[in-house]
Amino acid sequence: MANRLIGVELGTQGVRVAVLRRDKGGVAVIALEERSGENAAEQVAEVAAQPDGTFSLNDRLAVALPAGRAYVRTLHFPFKDRRKIQAAAPFELAAQIPVAMEGFTTALLWAESDSGHSEVVAAALPTVAVSELLARFEAARVPLHILDLMPFGLVAGIADRLGTAILVCATAEETTIALVESGQLREHRLIAGPLDPRNPLAIGQLQRECQALRHRGLAGERPVYLTGAGATPELLDALHSRGLTAAALSITLGGRVIEPAFVPAVALALRAAAHQTEHSFNLRQGPFTYRGELRAIRRAAAMAIGLLLLTVLALGAAAVINYRDRAGQAEALQRELVKIYQAAFPGTPLTVDVALQMESKLRELRSSAEALGIASQPPPWRLLRQIAELPAQVPIEVEAFSCGSEEVRLSGSTDSFEAVNRIRAQLASSALFSSVEVAESRKSLEGSRVEFRLRLPLAGKGVTP
């Protein structure tokens, strides 16, 4: 998923903001803007929150305080336990800086350690300055994730593009000279205030600092790069005139060349991509820890829980309604079964479930039928249906019908003797009867009808009931 990386370079009169987009395809530049004004957070909000005026959970924003705002010292400890180092660092730092530590916030950068010793870089910043800056960003609803320190944040963002070099960052507030070895900041110097390329004293100081760092650390070539708003052609010419070879540092992102004035802001945006790093500070720790994402997650979780509860309530209500509907249907079927049972077995009281009692009664009837020897005989309704089908073939008027355990007797009248033979043939073709016997066949007294009596022995076990 694509997310935005936002870097902010603070200045005395305004800010420079770099907004990048990072996705699987790499990093691309969205916006590079310079805004003047005293409230940096409001200026950042106007630039970084475009186009819809809001920040998302995927956005990452980094700001770096000027190096002149902090006291930075390298501390050595005869042990490696980080908890002990964090506890002892403020006391060790207090012995090396000319201010009391009560009003300062300490941040540590873990440098090197061997078998029994540790080396850390400690920075002390005024607590009021940190809290006021964070309060401005919170008031403007700008999510500030990383609060770094120059030039550490600058080097951390573009370390992979530097290798081993001397990086000079000239801004309207200060100039930092950093020794970078293998992408890590080893040492840095500070020149307060803007650097005037027409001032020989300022250029001489910058030249001396660069030459001093060239002789520090490991031997080898150390090119000098200039970046920041003060990295002008006039400054390069002034250094060249003193025999110091230097070049302006510009970087390329997504096919777009970033001019030196916006390199610090872009470097901080790239610095924002790392949640944690061993090579730079983040003052957003302890009482200054950023909790905006946690609040957003809590709000989202509360909304999700609310929606889940509503869904559960809706499903529960639907289940109750469905249960009541099914219970009503079951009660109606139960009442219908009771009516059927009482109609089939009048006068018999219900003592158990109606379905079980009806099944018991049916078993009793089957047992009685077997005892009478008629269990294998076809049911009377099939015999009646067979007789009822006769008028469709022959005109017949049934006068008497009796059904016994072994035979059926049928008497009636029709219009001719030939019709009697047809009735006999029709019934003889049925599987219900083993034979058809004409017990009597005669003319009626009026002479218009033929009266007959039939004897129909049942087929017995060969017929399926």
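Among LEU236, HIS215, VAL394, which residue has its Cα positioned farthest towards the positive end of the charge dipole of the chain, with +1 placed on the Cβ of Lys and Arg, -1 on the Cβ of Asp and Glu, and the dipole taken about the Cα centre?
Ranked along the dipole, the leading option is VAL394.
So if each residue of separation counts as 0.36 nm, and I subtract the Cα-Cα distance between ARG453 and PHE417, what length gain in nm does that give? Don't jump to the answer; show the numbers that get you there.
Values: separation 36, 0.36 × 36 = 12.96 nm, distance 1.22 nm.
Between ARG453 and PHE417, full extension yields 11.7 nm more.
What does the charge count around GLU440 come to, taking other residues whose C-beta lies under 10 Å from its C-beta (Lys +1, Arg +1, Asp -1, Glu -1)?
Details: positive: ARG442, ARG453, ARG455; negative: GLU451.
Value of the local net charge: +2.
Based solely on its DSSP helices, what 222 nm [θ] is calculated for the chain when runs of n ≥ 4 H residues each add -39,500 (n - 2.57) and the sum is averaged over all residues, nearest 500 deg cm²/dmol? Show your work: numbers first, answer last.
Working: 11 runs with 172 residues, N = 465.
Helix contribution divided over all residues of the chain: -12000 deg cm²/dmol.
Between LYS361 and SER402, what length in nm is gained on full extension when 0.36 nm per residue of separation is reduced by their alpha carbon distance? Intermediate results must be reported in sequence, preceding the final value.
On the way: separation 41, 0.36 × 41 = 14.76 nm, distance 2.57 nm.
Fully extending the segment from LYS361 to SER402 adds 12.2 nm.
Just tell me, in residue order, which DSSP H segments of the chain are both 30 angstrom or longer along the helix axis (alpha-carbon based) and at least -0.5 in mean Kyte-Doolittle hydropathy.
Details: long enough: 292-344 (77 Å, 0.53).
Helices meeting the span and hydropathy rule in the chain are 292-344.
Highest mean first, how do 259-267, 28-36 rank when packing is the count of other Cβ atoms within 10 Å averaged over residues? Don't skip to the end; give the middle numbers.
Values: 259-267: 25.3, 28-36: 16.1.
Sorting 259-267, 28-36 by mean packing, highest first, produces 259-267, 28-36.
Tell me, what is the FRET efficiency for ARG256 and ALA139 to the nearest 0.05, using R0 = 35 angstrom and their Cβ-Cβ distance as r?
Working: r = 33 Å, r/R0 = 0.94.
My answer for the efficiency is 0.60.
In nm, to one decimal, how far is the modelled label at LEU445 from the one at GLN211, with both set 7 Å along Cα→Cβ?
Label-label distance for LEU445 and GLN211, simple model: 16.1 nm.
For the pair GLN13/GLU119, report the inter-label distance in nm, with labels modelled 7 Å from Cα in the Cβ direction.
Here the modelled spin labels are 4.1 nm apart.
From the residues THR245, LEU57, ALA269, which one has its Cα farthest along the dipole of the chain in the positive direction, the dipole being from +1 and -1 charges on Cβ of Lys/Arg and Asp/Glu about the Cα centre?
In the chain, that residue is LEU57.
Charges only on Cβ, +1 for Lys and Arg, -1 for Asp and Glu: so what's the dipole of the range 302-370 about the Cα centre, in debye to the nearest 20? Please list the in-between numbers first.
On the way: 7 positive and 7 negative charges, 17 e Å.
So the dipole magnitude of the range 302-370 works out to roughly 80 debye.
Given charges of +1 on the Cβ of Lys and Arg and -1 on the Cβ of Asp and Glu, with all other atoms neutral, how large is the dipole of the range 380-462 about its Cα centre, in debye to the nearest 20?
Numbers: 11 positive and 11 negative charges, 47 e Å.
Computed about the Cα centre, the dipole is about 220 debye.
About the Cα centre, and with charges only on the beta carbon of Lys, Arg (+1) and Asp, Glu (-1), how big is the dipole of the chain? Nearest 20 debye, please.
Numbers: 49 positive and 49 negative charges, 120 e Å.
For this selection, approximately 580 debye.
Relative contact order of the chain, please, whole-number percent, based on alpha carbon pairs below 8 angstrom and at least 6 residues apart. Mind dumping the intermediate values first?
Details: 774 pairs, mean separation 56.8, N = 465.
Relative contact order for the chain comes out at 12 percent.
Using a 10 Å cut-off on Cβ atoms, rank the peptides 135-142, 152-159 from the highest mean neighbour count down.
On the way: 135-142: 16.1, 152-159: 27.0.
Averaged packing, sorted descending, gives the order 152-159, 135-142.
What's the extension gain from GLN285 to ASP237 if we count 0.36 nm per residue and subtract their Cα-Cα distance?
Details: separation 48, 0.36 × 48 = 17.28 nm, distance 4.28 nm.
Value of the extension gain: 13.0 nm.
Mind giving me the FRET efficiency for ARG335 and LEU57? R0 is 41 Å, r the Cβ-Cβ distance, nearest 0.05 is fine. Spell out each step's value before the answer.
Working: r = 60 Å, r/R0 = 1.47.
Between ARG335 and LEU57 the formula returns 0.10.
Readers should treat all values here as calculations from the given coordinates under stated rules, not as data from a laboratory. Please read all numbers here as calculations on a predicted model, not as lab measurements. Glycine gets a Cβ as well: all are built from the backbone with ideal geometry, and neighbour counts include every protein chain shown.
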